[in-house]
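No lab work stands behind these numbers, since they all come straight from the coordinates. None of these values were measured; they are calculated from a predicted model. Cβ sites come from the backbone with ideal geometry, for glycine too, and all protein chains shown count toward neighbours.
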Amino acid sequence: MRCIGWQEGRVWLLDQTALPLSCVKLEYSAPSDLAAAIRMMKIRGAPAIGVAAAYGLALTAYHSTASNREDFLRELRETSQLLRGTRPTAVNLFWAIDRMLAVAEGERNLESMRNLLISTAIRIQDEDEERCRRIGEGGSALIPDGVGVLTHCNTGALATGGFGTALGVILTAHSKGKRIHVYVDETRPALQGARLTAWELKGAGIPMTLISDNMAGHFMKEKKVQLVIVGADRIALNGDTANKIGTYSLSVLAGAHGIPFYVAAPSSTIDFRISSGDSIPIEERSPKEVVEIGGIRIAPEDIPVANPAFDVTPAENITAIITEEGIHYPPFAKSLSGVAANA
Ligand code: MRU
């Protein structure tokens, strides 16, 4: 399944704010509208955001009326600025924009630039799906038969170019006949677990139990959960990993119960410019997401509210990081350096 795609000068996407109650396909031809969709989380998940950003630049290339290379590049840089301002934490967004701009800048002919930008955006999505499948294949070796697996947020086909990262590992292990029971954290406040992961797992026929986030420790203590696997929005060179808020607490719980804690992500999620998680910008979202559920206010008016969308799990809490290049164990500064060479 894919949640986004390119169709003759338009980008279509599955509205993830409407799922699972309704399946709404949206179409965009203006990069500014696509940027707004990213900000509103109609498309979300680090690799999918990267794909969407690439398509945003492909839209600019397709619809541009610029008659010379300089004007064309200026339009692309303007769209890049707009896209860079949408969501700050997932590095895939910046990675995809940089790759698209480098492609444009390396080409002299206007028509070739246009065609190359569109084909590169499509390639970014195809490559991401391929990377996810390799992550699934490699990571499935870490899933023993007959285990309870806890996951957080949504890391499936909806969050990527296709197939998924942590959820891709679960799907692959299931398809190999391993008996798995997935504990799905609902993932407050935006409920990606309850709305999206539960929907994907149900579609795949994988046994699951939806739990609220504060139940995770209980199920670990009850020995229902034997491993945790999550995705990532940005991984620093030392292995510190930003992911959906609540991931850090899960890593501490997993450590306290002696449960392995795995991170699955494509190499496009590794930020090769930062040495630790201290440099990762954490997105602060609207307080409305916390004080409302389904548009209904659940907290008193006029109270202070915090809504960081991500937290950083320190490398020492992570058992292994799974990328398309293989399974990387600590020390990550050493094991991830091989990925850098291939990215
Ligand atoms: O705010 P979101 O829904 O974009 O956050 C998504 C996550 O935190 C995912 O775990 C991460 O992007 C990995 S998706 C393969």
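Taking 7 Å steps out from each Cα toward its Cβ at S212 and E70 produces label points 6.1 nm apart. For the stretch 133-154, the residues whose backbone nitrogen is under 16 Å from a point 7 Å from the Cα of K176, taken along Cα to Cβ, are 133-149. Given a Förster distance of 41 Å, report the FRET efficiency between S32 and V147 from their Cβ-Cβ distance, rounded to the nearest 0.05. Efficiency, rounded to the nearest 0.05: 0.35. What is the local net charge at P20, summed over the other residues whose Cβ is closer than 11 Å to its Cβ (Lys, Arg +1; Asp, Glu -1)? Residues close to P20 contribute a combined charge of +1. Taken about its Cα centre, the chain carries a charge dipole of roughly 620 debye when the Cβ of each Lys and Arg holds +1 and the Cβ of each Asp and Glu holds -1. Computed about the Cα centre, the dipole magnitude for the stretch 138-342 is approximately 660 debye when only Lys and Arg (+1) and Asp and Glu (-1) carry charge, each at its Cβ.
Counting only Cβ charges, +1 for Lys and Arg and -1 for Asp and Glu, the dipole size of the stretch 31-94 around its Cα centre is about 300 debye. Both the radius of gyration and Dmax for the chain are 19.7, 66 Å, in that order, over alpha-carbon atoms. Annotation: aspartates and glutamates with alpha-carbon distance below 17 angstrom to K288 (same-chain offsets under eight excluded): E301, D302.
Residues whose amide H lies under 5 Å from that of I293, counting only those 5 or more places away or on a different chain, are I298; hydrogens are built 1.01 Å from N in the peptide plane.
Classify the stretch 138-342 as rounded, prolate or oblate, taking a ≥ b ≥ c as the square roots of the eigenvalues of its Cα gyration tensor: rounded when a/c is under 1.5, otherwise prolate if a/b is larger than b/c and oblate if not.
On the way: a/c = 1.64, a/b = 1.16, b/c = 1.42.
It comes out oblate by the Cα gyration axes.
Across the stretch 148-161, computed HN-Hα scalar couplings (Karplus, 6.51 cos²θ - 1.76 cosθ + 1.60, θ = phi - 60°) run x, 10, 9, 10, 10, 6, 10, 10, x, 4, 5, 9, 9, x Hz from first to last residue, x flagging Gly and Pro. In this structure the amide hydrogen of E324, modeled in the peptide plane, comes within under 5 Å of the amide hydrogens of S267, none closer than 5 places in sequence on its chain.
Taking every DSSP helix (H) stretch of at least 4 residues in the chain, weighting each as -39,500 (n - 2.57) and dividing the sum by the residue count yields a mean residue ellipticity at 222 nm of -12000 deg cm²/dmol. Of all beta bridges that DSSP places with both ends in the chain, some 55 percent have antiparallel geometry. Screening the chain for whole DSSP H helices with an alpha carbon extent of at least 24 angstrom along the helix axis and a mean Kyte-Doolittle hydropathy of at least 0.0 yields 46-63.
Label reach from S22 (point 7 Å along Cα→C-beta): in the stretch 287-303, amide nitrogens under 19 Å belong to 294-296.
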